[in-house]
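Note sheet for the following structure.
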Amino acid sequence: MIGIVLASASPRRSELLRQIGLEFEVVLSDIDESNKENLRADELVQHLAYNKALDVAKKVAGRDNGKKRYLVIGADTVVVKDKILGKPKDRDDAIKMLKHLSGSWHEVMTGIAIIDTNDFRSIRSVEVTRVKMKELSDDTVLAYVDSKEPMDKAGAYGIQEKGAMLVERIEGCYFNVVGLPLARLADLLKGFGVSVL
C-alpha cells in the first residue's frame with residue numbers, strides 16, 4: 001500500500017493533483033526557504049523541493065509501525081528575470097516585481113523531488129517554462145496588486161487566475177507556471193511504480 005503525501009501548503013498544487021485523480025494528503029514542512037548557499041535558480045528549486053520532501057518524509061516514515069510506504073512530493077517554484085523572484089514581501093515589492101516583468105520574457109522554474117519512505121530513495125527534477133508578460137500600465141499593475149492575488153505567488157502573479165490577463169504567451173508547460181508540471185511529475189512517479197494513467 002502506497003500513500004502519496006504532498007509537502008506543500010499551496011492550494012494550487014493540491015488542485016492540480018486532484019485534477020489528475022491522485023489521492024493524497026498534505027503535510028507541511030518546516031524548512032528555511034532562504035537561499036543561503038547562493039544557488040542558481042535551477043539548483044535552488046530542486047534543493048528546496050528535496051528539503052521539503054525530506055522534512056515531511058521523516059515525519060510520516062514511522063507511521064503505522066512502518067508498514068505503509070509513502071511517496072512524499074516536494075515542490076518549489078521561482079520566477080527568474082535577471083535575478084530570482086520569489087513571493088513578494090509586501091505591496092511595494094509586488095509592484096516592483098510586476099514592473100520588472102512587464103513587456104518582457106522571463107522563466108518560471110519548478111523543482112520537484114519525490115522521496116520513498118521505504119528506503120529514502122529520491123528523484124529530483126526541474127521544469128522550465130518561458131513566459132512573455134504583456135506591457136503593463138501602472139493602472140493595471142496597481143489594480144492587480146490591490147486584488148491581493150499576487151501576494152502568495154512567485155513573481156507576484158498567478159497565471160490561472162486574474163493574472164492570466166497579464167500574460168501574452170508561454171513556451172513550455174502551462175501547469176509548471178501554476179506550480180506543478182504534471183507530465184513531468186507523472187514520469188517521476190513511474191520511477192517509483194506509481195502510474196497516474
**Request:** Could you calculate the contour length gain from Met151 to Phe120, that is, 0.36 nm times the residue separation minus the distance between their Cα atoms, to one decimal place in nm?
**Result:** 7.7 nm
**Prompt:** Order of Phe120, Phe192, Phe175 from fewest to most other C-beta atoms within 10 Å?
**Reply:** Phe120, Phe192, Phe175
**Request:** Using a Gaussian network model of the chain whose springs link C-alpha atoms within less than 10 Å, name the residue from Ser104, Ser29, Ser122 with the highest mean-square fluctuation.
**Result:** Ser104
**Message:** Can you return the lysines within cross-link range of Lys81? Criterion is Cα-Cα under 29 Å, with same-chain partners fewer than 8 residues away left out.
**Reply:** Lys36, Lys52, Lys89, Lys96, Lys99, Lys132, Lys134, Lys148, Lys153, Lys162
**Fill in**
Looks like the range 2-190, by Cα gyration tensor root eigenvalues a ≥ b ≥ c and the a/c under 1.5 rounded cutoff (else prolate when a/b is bigger than b/c, oblate otherwise), is prolate
**Check: the range 2-190 dipole with +1 on Lys, Arg Cβ and -1 on Asp, Glu Cβ, in debye** = 440 debye
**Request:** Mind jotting down the distance between the C-alpha centroids of the range 46-83 and the range 119-197, whole Å?
**Result:** 19 Å
**Prompt:** Tell me, Tyr157, Tyr174 in order of fewest to most beta-carbon neighbours within 10 Å?
**Reply:** Tyr174, Tyr157
**Complete:** Distance in nm between Glu168 and Ala186 label points, each 7 Å along Cα→Cβ, equals 3.2 nm
**Request:** Determine which residues of the range 120-142 fall in the zone a paramagnetic label at Arg69 would reach in this model, i.e. backbone nitrogen under 15 Å from the point 7 Å along Cα→Cβ.
**Result:** 120-123
**Most fluctuating residue given options Gly158, Gly62, Gly103, as computed from a GNM of the chain linking Cα atoms under 10 Å** = Gly62
**Message:** Between Gln160 and Asp90, what is 0.36 nm times their sequence separation minus the Cα-Cα distance? Round to one decimal in nm.
**Reply:** 23.1 nm
**Prompt:** If you build a Gaussian network model of the chain, linking Cα atoms that sit under 10 Å apart, which residue out of Glu127, Glu135, Glu37 swings the most?
**Reply:** Glu37
**Message:** Give me the percent relative contact order of the chain, please, defined on Cα pairs under 8 angstrom at least 6 residues apart.
**Reply:** 22 percent
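Read the figures in this text as sums done on the coordinates, not as results from a lab. All values reported here derive from a predicted model rather than from experimental measurement. Quick reminder, even Gly has a Cβ in these numbers, built from the backbone with ideal geometry, and neighbours come from all protein chains shown.
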